[in-house]
Amino acid sequence: MRPPLSESYSRGATGVPLIEQTIGDFFDAMTGRQGERDALISRHEGRRLTYRQLQTQANQLASALLRLGLAPGDRVGIWSHNNVPWVLMQMATAKAGVILVNINPAYRVSELEYALNKVGCKALVTMPRFKTSDYLGMIRELGPQRLPHLRTVVWIDPPGQGADEPGALRFSELMARGDPHDAQVAQIQRTLKATDPVNIQFTSGTTGFPKGATLTHRNILNNGFFIGECMRLTPEDRLCIPVPLYHCFGMVLGNLACLTHGAAIVYPNDSFDPLATLQAVQAEKCTGLHGVPTMFIAELEHPRFSEFDLSTLRTGIMAGSPCPIEVMKRVLSDMYLSEMTIAYGMTETSPVSCQSDVSTPLDKRVSTVGTVQPHLEVKIVDPESGVTVAPGVTGELCTRGYSVMHGYWDDAQKTREVIDAERWMHTGDLATMDAQGYVNIVGRIKDMVIRGGENVYPREIEEFLYRHPKVQDVQVVGVPDPKYGEELCAWVIAKPGLKVTEDELRAFCKGQIAHYKVPRYIRFVEAFPMTITGKIQKFRIRDQMRQELGLAVAPPA
């Protein structure tokens, strides 16, 4: 047992050394040990690859990318939901020294134009279309004039299907141009360093343009490895990944956690589908399952949930937004996920800074995001003074270590705004740390509500309202108020088939929480506005309520 902390600062263990290899070198070494084991199962595509087959195809694609004229340091975009070509691009670009740029499948014309031009993408691999989204149509709408850097567009073609797309190369044809034994790939791979940038991910800013967080081999390879260590992954594990690959959750907590432990990746579908996820877990005897809380809620509430044998499940990660304690309890009991872990992080920190592990006591697993990851430091500081606060005191979470990004692409000023002179990343998240080093995320600095001089943390009220037997999900935000500066507003999703009223919820709160924490406004909704990764967009809830109530922005305090 460590002695209790005297301040909100904690340093991770250093017993297991950091990996100083590139992703390509580490993957090749793993293939040497686990070559005949399953590496990747994509159920919606009907494809299965062993580690050896994945290595061969990644080498072939790396060769093809170089033969397109791409060189180390060039940027190539991937604009797609989850599939085999996505993983091949992740591994091939790492081997060829090309920087993979993740493009959000929810992006539309202006966002795509901004992202591709901001980082100067020379090539783009894309789905042709998905549901109502015409990806190739958007690229054609922009044209060469508005995308001056883009030289090659590659579309992911289903095997043996689809008419030609004018001006675009088939992914199968691109693959055919490569040689899995191309000496140039091996030669370039030998020149790469772990500190070289390998990936750019755009942070979904709520205001202004997204910023391109630039991550190195060292950043994401080590993060994926230590995440897998927390889950105690081995080559016997099979991890179901219904979260998107364009985001760190799928790409690092999913793919790289598996590939650094010789485990198998299982994709249930191209995008999240609760039924397909339950089917995949049963059919592939998955031992792990990832998801954001809303995904686990959708699985638990699915009318066919009880039909599936999920008894092979052991571990996984819940992340992306705070997990309601009652949901976590059901995940542990009804889904057999006794070793479920909670992870916290942000794209700029590759992403995970804190994580519970399989030995974390249950009360800490359902009420905190665990402790600091190995080789990292975290501290909680007063947002105004920057002074490290005492245990239990709320402040801004800062993190430092190998995981902190290289920087925002071509934006030194924005980088300096979040990474200070001592290389601490200022997350903008409000948190507390207890005397044992367990971290609890209270909310975003800009989400904190100040009502009549009282600091109110929406997370606390959400957790309380989740206990109501008719409430399935709830989000609390602050809205402007002329008298108190801000008032609380709760958006509530009732459990299927149940009806709950404002009066019931107010009666539930009475005498249980302080009067100023009882939401003044309560709205019943079917769904919350979300990003594609399942993060709740509270700013959109606030904006909608301001419009509905005819409220002005609160005056400065």
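Here are some notes:
- Qualifying residue in the stretch 49-68 (condition: open to solvent by 10 Å² or more (accessible area, probe 1.4 Å), out of contact with any helix residue (DSSP H, G or I) (no Cβ under 9 Å at 6 or more places or on another chain) and not in a helix (DSSP H, G or I)): no
- Identity of the residue in the stretch 383-399, part of a strand (DSSP E or B) and touching a Pro at 6+ places or on another chain (Cβ under 9 Å), that ends up surrounded by the most Cβ atoms within 10 Å (Cβ to Cβ): Gly395
- Checking Leu465, Leu498, Leu505 one by one, the residue that is more than 25 Å from Leu397 (Cβ to Cβ) and in a helix (DSSP H, G or I) is Leu505 and no other.
- Selection count, the stretch 352-382, where residues are aliphatic (A, V, I, L, M) and either touching a Pro at 6+ places or on another chain (Cβ under 8 Å) or crowded, with 23+ Cβ neighbours inside 10 Å (or both): 6
- A Cβ distance below 6 Å, combined with a sequence gap of six or more or placement on separate chains, defines the contacts here; from the stretch 184-211, residues that are closer than 17 Å to Asn223 by Cα and at pLDDT 85 or above reach residues that are acidic (Asp, Glu) and not in a strand (DSSP E or B) in the pairs Ala194/Glu20.
- Within the option set Leu124, Leu147, being of a type in the set (A, V, I, L, M), modelled with pLDDT of 95 or more, surrounded by 13 or more Cβ atoms within 10 Å (Cβ to Cβ) and more than 25 Å from the chain's Cα centre (by Cα) holds for one residue only, Leu147.
- Counting only residues that are of a type outside the set (Val, Ile, Thr), open to solvent by less than 20 Å² (accessible area, probe 1.4 Å) and closer than 16 Å to Arg542 by Cα, the stretch 486-505 holds 5 of them.
- Selection over the stretch 315-333 of residues that are free of Cβ contacts under 8 Å to residues at least 60 places away in the same chain and surrounded by fewer than 22 Cβ atoms within 10 Å (Cβ to Cβ) gives a count of 5.
- Qualifying residue in the stretch 451-473 (condition: surrounded by fewer than 18 Cβ atoms within 10 Å (Cβ to Cβ), farther than 17 Å from Thr294 by Cα and basic (Lys, Arg)): no
- Among the residues making up the stretch 504-544, none is free of Cβ contacts under 8 Å to residues at least 24 places away in the same chain and hydroxyl-bearing (Ser, Thr, Tyr).
- From the list Glu36, Glu45, Glu111, the lone residue that is charged (D, E, K, R), open to solvent by 20 Å² or more (accessible area, probe 1.4 Å) and at pLDDT below 95 is Glu111.
- Filtered by the rule that a residue be among the β-branched types (Val, Ile, Thr) and over 17 Å from Gly443 (Cβ atoms), the stretch 489-530 gives Val492, Ile493, Val500, Thr501, Val518, Ile522, Val525.
- All positions within the stretch 150-189 that are of a type in the set (A, V, I, L, M, F, W, C), open to solvent by 40 Å² or more (accessible area, probe 1.4 Å) and touching a strand residue (DSSP E or B) at 6+ places or on another chain (Cβ under 6 Å): none
- Every residue from the stretch 265-298 that is β-branched (Val, Ile, Thr) and either over 23 Å from Ile325 (Cα atoms) or at pLDDT 95 or above (or both): Ile265, Val266, Thr277, Val281, Thr287
The values are calculated or read from the model by the stated rules, or taken from the named source; none is laboratory data. Not measured: the values here are computed from a predicted model. Positions of Cβ are generated from backbone atoms using ideal geometry, with glycine treated the same way; all protein chains shown enter the neighbour counts. What goes into the accessible areas is simple: the full protein's heavy atoms, side chains included, and nothing from ligands, DNA or RNA. Shrake-Rupley method; radii C 1.70, N 1.55, O 1.52, S 1.80 Å.
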